[in-house]
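Read the structure below first, then the notes.
What follows is calculated from the coordinates using simple rules that are stated; it is not laboratory data. These numbers were taken from a predicted model, which means no experiment stands behind them. Counting neighbours? That spans all protein chains shown, and the Cβs are built from the backbone with ideal geometry, glycine included.
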Amino acid sequence: MSSWLTKIVPSIMRSERKDRRTNVPEGLWRKCPKCDSVLYRPELEKHLNVCPKCDHHMRLSARKRLTVFLDADSTQEIAAELEPTDRLKFKDSKKYKDRLAAAQKETQEKDALVVMQGTLNGLPVVACAFEFNFMGGSMGAIVGERFVRAANLALEKQIPFVCFAASGGARMQEALFSLMQMAKTSAALEKLKQAGVPFISVMTDPVFGGVSASLAMLGDLNIAEPNALIGFAGPRVIEQTVREKLPEGFQRSEFLLEHGALDMIVHRHELRAKIGGILRKLTHAPELATEEFLSKETNEETTEALPEPPKDF
């Protein structure tokens, strides 16, 4: 027969563990999906969502990406007033307008593409980035229109255009309105090409479907972040279709670079310096003595001790 002590001690311990979890602010820790390290979120954000343990590149929001890519206090948002509409009154398991409202609430963005004009180490550029958390970064009419306006602005001012892609493809809820954006964006890029205005495409994890089949692969220079998944159909769909096992690393950026589909793979911390240097050569602008991607604040080593992650995280 167990004593009263053995009955009460476990419940006290469970209560203490629950109190410890309650005292940990929600969202303070994040687990790396590759190495399972528990990371202090403020420190991870300081490293631009690159795991300091295994160097895994986690997804970065569109606005954050453009903010750290362009020079501070140089940015001006383009076409921010444009909002998607439900022209087809589309409904699957959920109304399209409800999906839009939920995505806008979650991301605080009106649609899946953010466009900004600014400078990159003093060089005027137009840049855009896909917000993957907005309906998988899918391309609808407004995403296409924002992209075209960005390309037209670069053409008008004769300044380079840089795009950071992260998308699952065309937005099915907009049907043909979505599919036509592939031709629309490609035509806008053809005008840049004819005018000799540089367009650099940076593919981040993941890039698929109509976006990979159009604007993402049309760069004068096609760059990707390490281990990014890039293709048209996903690997599982392909395996089910061809009934064969795909090669290891298939559709990862390293595989694409090896097979000639990419020009280079660049670490996220080096993108600003690398692209800045390339654009200065392409535009015949004088090169800077040093071009660094990370700000002084980001580059500085943390001197204060970081908190320990909760044991039961």
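Side notes on the structure shown:
- Distant-in-sequence amide H partners of H56 (H built 1.01 Å from N, under 5 Å): C51
- Cut-off under 5 Å, modelled amide H: who pairs with A170 long-range: M139, G210, V211
- Theoretical gain in end-to-end length, T85 to L153 [0.36 nm per residue, Cα-Cα removed]: 22.1 nm
- Take the Cα of M180, step 7 Å toward its Cβ, do the same at E258, and the gap between the two points is 4.2 nm.
- Label-to-label distance, E45 versus K94, with points set 7 angstrom from Cα along the beta-carbon direction: 2.5 nm.
- Annotation note: GluC sites (Glu not before Pro) in the stretch 217-266 located in DSSP loop regions with a Cβ neighbour count of at most 13 within 10 Å are E244, E248.
- Nonlocal amide H pairs with L82, under 5 Å, H built at 1.01 Å: none
- Cα-Cα pairs of the stretch 59-293 separated by more than 30 Å (percent): 23 percent
- For trypsin sites (Lys or Arg not before Pro), the sites in the stretch 30-124 that DSSP calls loop and that have at most 10 other Cβ atoms within 10 Å are K89.
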